Structure formats: C-alpha cells, structure tokens
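Note sheet for the following structure.
Bear in mind that the values in this text are calculations on the coordinates, not laboratory data. Bear in mind the structure is a predicted one, so any value in this text is a computation, not a measurement. For neighbour counting, all protein chains shown are included, and Cβ atoms are generated from backbone atoms with ideal geometry for every residue, glycine included.
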Amino acid sequence: MAAPAPTNRTIAHDPGEQGVATRARLLEVAGEEFAKRGFQDATVREICRRAGVNIASINYHFGDKAGLYREVFRTAVMRFKEGGKLAVPPQGTAEERLKGFLHVFMDRVTGKNHPAWAPTLMMREMIEPTEALDEVVQSMIRPTFFGLAGLVAELLGRASDDAVVLRATASVVSQCLWYRHSAHVVKRLFEGTSVQDDTPGQRADHIASFSIAALSCLRQQDGGAAC
C-alpha cells in the first residue's frame, strides 16, 4: 500500500473556537472512517459530509488527505500513551512485573478508555502499513517489545537478544493481541460460556499465569528437566 507522502504546504491555524472544534470533529470522524475503510478507501468527501464541513476545511487544517491521516494516526498513538509509558514495572518479582505489565497492556489493547476507532486504526495500520507505521514502531512498539523481552530473558535465564527469548516474547504479546484482532470471533466463540464476560484484567491474569508456566518449562528444559 502506498504511504501518504509528506506535504511541504504550510497550513494556517484557525485561532477561533469554531476552528478548533472543526479540527477536532474532523479528526474524530476521519479516525472512524480510516479505521473502517483504510487510507485508500476512505474518502475526503464522506469525511466532510459526516463532519458537516466543506472539503476546503481539510485543506485548511491538514493540507490534504495524507496530512489528515498522519494527524489522525498521531492522535491514536497519543491516546495509547495517555495512561503513561507502557513499560515493565520496576518493582516486584519477575512474575509480578510480568503480571503488572500485562494488566496495563490488555487495558490499552482492549479497554474502553479510548474511542473504538483508535485501536482499530492501529491494528489496520499493522495489516495495511503506510509510512506512519515506521514512526509508531520506532517510538512505541519497539521499546515496549524489547522492554518486555528483557523481563522474559530474566525469567528464562538467557540473554535478551536470544532467539528463544524473542520468540517467547512474541508469544506473550500475541496472546493479548488475539483478543483485539479477533474480538468479533471471541465474542461469538465464548458466548454462553463461563468466560464470555471476562474483563481485560481477568484475561491478563490468565495470560500471565499461562506464560509464566510456559517460560518456567522452557527454563527447566535447558537444565535437562522434563516439563
């Protein structure tokens, strides 16, 4: 998918309250449209129609469609960061720190403290990447992943760049992301079961326990013991 090309056009900022409100409304509506349809298929005309503004408003506030997308994506990233830096807690045992991290991570991924379009847009960007993904990988995903890898390395007794550590870290993260990527499947799959109403915290507790047991097993295998 072609990435939105940067624009060199300088856009004047409307200092009035109406201009601020228009810009905010465009970001919300565009977030919903980009999350639902992707950058290529979302149209400026539909975004403006839903926001109740004319097309010139996008040119005025963002320069063009690509500029609008970049601002929408930055808004989504900022909302993920609003709860503070997503990092492994500094206090407690390795097991306690993993559990603490997973509670925060699951809340960010599947919680209700942000508009539904924000995590959906992030997930879509991972499937249909634009240049915006490079920025978020470097600024947020990479530091978070390798911070967690350091904790997994501690639990496995290996170096943080060890292949087993990196694969195990990906496995831990994947358990969380499944609840986001497959949310509609999860809802239908668990309907009528004892886990249909599980909270993000309950899921985090399970993933922590499951992962700690698996990591312990891997470490024992290194020492020659059977799981």
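Structure notes:
- Per-residue Cβ neighbour counts within 10 Å put 217, 48 in the sequence 217, 48, beginning with the fewest.
- Top of 143, 200, 119 by mean-square fluctuation, Gaussian network on the chain, Cα under 10 Å: 143
- Compared with the dominant Cα axis of the chain, that is its longest principal axis, helix 17-41 is turned about 60°.
- Here Rg and Dmax of the Cα atoms in Å was computed from the coordinates, and among [x] 17.1, 48; [y] 25.6, 102; [z] 20.8, 70 the match is [z].
- Residues 174, 194, 209, 57 arranged by fewest to most Cβ contacts within 10 Å: 194, 174, 209, 57
- Alpha carbon convex hull of segment 127-218, volume per residue in cubic angstrom: 119 Å³
- Considering all different alpha carbon pairs of segment 162-213, the Kirkwood hydrodynamic radius works out to 12.1 Å.
- Distance from the C-alpha centroid of segment 50-70 to that of segment 169-227: 41 Å, rounded to the whole angstrom.
- Among 221, 153, 186 - extreme Cα towards positive end, dipole of segment 132-227, charges at beta-carbon: 186
- Placing unit charges on the Cβ atoms only, positive for Lys and Arg and negative for Asp and Glu, gives the chain a dipole magnitude near 340 debye about its Cα centre.
- Alpha-carbon geometry of segment 37-159: the Rg and the Dmax are 18.0, 60 Å, given in that order.
- Expected 222 nm ellipticity per residue - DSSP helices of 4 or more, -39500 (n - 2.57), all of the chain, to 500: -22000 deg cm²/dmol
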